[in-house]
Amino acid sequence: MPNIAYLNRKTKMGYDELLNLPYPIFLSLLRENQILDLKETSEGREYLEKIERLNVTTPDFGKLSGLSRFNKAGEK
């Protein structure tokens with residue numbers, strides 16, 4: 001219920017409109033509005049930067065090779 005009230009305030013959509021949205025659309029609206037709220041404060045922007053770094057799944061081979069003798073597979 002708090003998410004519906006939150007989106008009601010942010011999007012000005014009515015309760016019935018929000019309940020009749022397809023669930024993926026509802027979640028997208030919720031996510032994007034929460035991100036916009038976080039971008040309004042410096043603490044929120046720092047938090048977004050931090051979690052963006054956590055989502056990176058590929059290693060930075062340039063930094064790794066500078067720190068150790070690490071090579072990509074197949075390189076000598």
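Read-outs throughout are calculated quantities, based only on the coordinates presented, and are distinct from any laboratory measurement. Just so it is clear, the structure is predicted and the values come from calculations on it, not from any experiment. Neighbour counts are summed over all protein chains in view; Cβ atoms, including those assigned to glycine, are modelled from backbone coordinates with ideal geometry.
Applied to segment 35-50, the Karplus parametrisation 6.51 cos²θ - 1.76 cosθ + 1.60 on θ = phi - 60° returns per-residue 3J(HN,Hα) values of 5, 4, 5, 5, 5, 6, 10, 5, 5, x, 5, 4, 4, 4, 5, 5 Hz, with x for Gly and Pro. Within the shell defined by Cβ-Cβ distances under 12 Å, the residues around residue 37 carry a net charge of +2, with Lys and Arg each +1 and Asp and Glu each -1.
The chymotrypsin sites (Phe, Trp or Tyr not before Pro) found in segment 20-67 include none that occupy coil by DSSP while having at most 12 further C-beta atoms within 10 Å.
Mind listing which trypsin sites (Lys or Arg not before Pro) in segment 1-46 are in a DSSP loop and have 13 or fewer other Cβ atoms within 10 Å? Spell out each step's value before the answer.
Numbers: sites: 9, 10, 12, 31, 39, 45; in loops: 12.
Answer by residue number: 12.
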